[in-house]
Amino acid sequence: MSQENKGLLAGIKVVELTTMVFGPAAGVVLSDFGADVVKIEPPITGDLNRNWHKITGLPISEMPYAFQMTNRNKKSVVLDLKSEEAHEALCKLVKGADILITNYRLDAISRLKIDYKTMKNINPKLIYALATGYGEEGEEKNKPGYDTICYWSRSAFEDHVFPYEGWLHNFPFGSGDHPSGMTLFASIMSGLYQRLQTGKGCKVTTSLLANGAWSNSVMLQAQLANAEFREKPPRSRAYNFTSLNYKTKDGLLLKLALVNAARDWEAFCRSIRRESFFLDERFQSAESRIENMHSLIREISDAFLEKDMDFWLQRLAAFDIPHSKVFTYEEAANDKQKSLNGIVVPLDHPDYGPMKTISSPFEVSGYEKRIPAAAPKLGEHTEEVLKELGYSGAELEKYLDF
């Protein structure tokens, strides 16, 4: 970040009492835009996500890539909040902060005395951002909640997407947490805006349960409107050809997305070299295509098997047909379009060398984001931050043994 451009949120001070992904994902966006984010971690283990990349089934690496993704450009301070002295240090931090983010479980928030009422008494202008699994009401409010359960399962996403027997793999790590973190970020910015209007702080909150429901809200609205849901047929008996995957001659998968099939039908037929469909009474009208959908899917599938992926990518693009190759992780990470648009950006890691990382998903004209830096080592900034709070000598030393 240049000296002339200090960042949209320069001067905003954030205290993070977070773990894993949901809460930290909001904090990293604040950090990207220049906020000073201090992450409070427990001694010895720190945030569990520091080691979560090591769990069985995830990609194998010595680099803590899961922690890196949501904790770059933050400061790490170790405080054992079970002790009164550490809580006192936290309160000093909160007194000078603009925002506090926590996704601790509600019973832990109460036990550690980091609830909104307590923090508001310390700093009435504080934006207190609470991220939960199940919300703050009801008998489930104290249950442990993760995106795999609250976001994906409770929203009916899994029931919609998975076959009856289920997959061998779950949704990717953090893939419900990250969009939920963006909602938390939006709520924080809304809180800052209302403080600008009133001069007062407030509590903002969101949950994985709410975000999962919002993400799948069209289908849930169908249920709430008592719509009749169709059975989930196999691909060969799909209701529509327009959004299926098709295999090419070289064994790769191509995805179509003909949102306006009526408009694009002729161009599509020409693109797949099936002008014969124009004269085929089974496919001449939208009604006849619906009636003969299974045959149409079979014939389109046969067409794509005639040529390799590269041929079809060029052909469909030439006819302006919405499509994409189904990317592998390697292809998705090295996507030129992502690099050109600042989605995948350089990261010069002091321990692991030059690499790339994923930027937060929006830009603000006139403001630059911070250059991504390494996520902090556990307690890396404890001494620095506590000195700024006035700690020194023996009083400071007792916080540095972690």
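Values for this structure:
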| item | result |
| --- | --- |
| Tabulated pairs, region 284-300, first free of Cβ contacts under 8 Å to residues at least 12 places away in the same chain and in the same structural domain as ALA262 (by TED's automatic domain parsing), second among the charged types (D, E, K, R) and surrounded by 13 or more Cβ atoms within 10 Å (Cβ to Cβ), C-beta under 6 angstrom, 6+ apart or interchain | SER288/ARG282; ASN292/ARG282 |
| Filter result (buried (at least 18 other Cβ atoms within 10 Å of the Cβ), at pLDDT 95 or above and part of a loop (DSSP other than H, G, I, E, B)) within region 253-280 | ILE272 |
| When residues of region 327-372 are limited to those that are assigned to a loop (DSSP other than H, G, I, E, B) and among the aliphatic types (A, V, I, L, M), the one nearest to the chain's Cα centre (by Cα) | ILE343 |
| Filter pass, ILE114 being touching a Ser or Thr at 6+ places or on another chain (Cβ under 8 Å), modelled with pLDDT of 95 or more, crowded, with 16+ Cβ neighbours inside 10 Å and part of a loop (DSSP other than H, G, I, E, B) | yes |
| Set GLY191, GLY174, GLY145: member being surrounded by 20 or more Cβ atoms within 10 Å (Cβ to Cβ), assigned to a helix (DSSP H, G or I) and in the same structural domain as ASP98 (by TED's automatic domain parsing) | GLY191 |
| Qualifying residue in region 317-327 (condition: touching a Ser or Thr at 6+ places or on another chain (Cβ under 7 Å), at pLDDT 95 or above, of a type in the set (A, V, I, L, M) and under 22 Å from ILE60 (Cα atoms)) | no |
| Qualifying residue in region 157-164 (condition: buried (at least 16 other Cβ atoms within 10 Å of the Cβ) and within 30 Å of ILE122 (Cβ to Cβ)) | no |
| Some residue of region 340-353 being of a type in the set (S, T, N, Q) and farther than 21 Å from GLY27 by Cβ | yes |
| Residue check for MET119: in the same structural domain as LEU208 (by TED's automatic domain parsing) and under 21 Å from the mean Cα position of the chain (by Cα) | no |
| Unmet criterion (only one of (1) touching a strand residue (DSSP E or B) at 6+ places or on another chain (Cβ under 8 Å); (2) more than 27 Å from GLN223 (Cα to Cα)) for GLY133 | (2) |
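The values are calculated or read from the model by the stated rules, or taken from the named source; none is laboratory data. Because the structure is a prediction, the values reported are computed rather than measured. With ideal geometry, Cβ positions are generated from the backbone for all residues, glycine too; neighbour counts draw on all protein chains shown.
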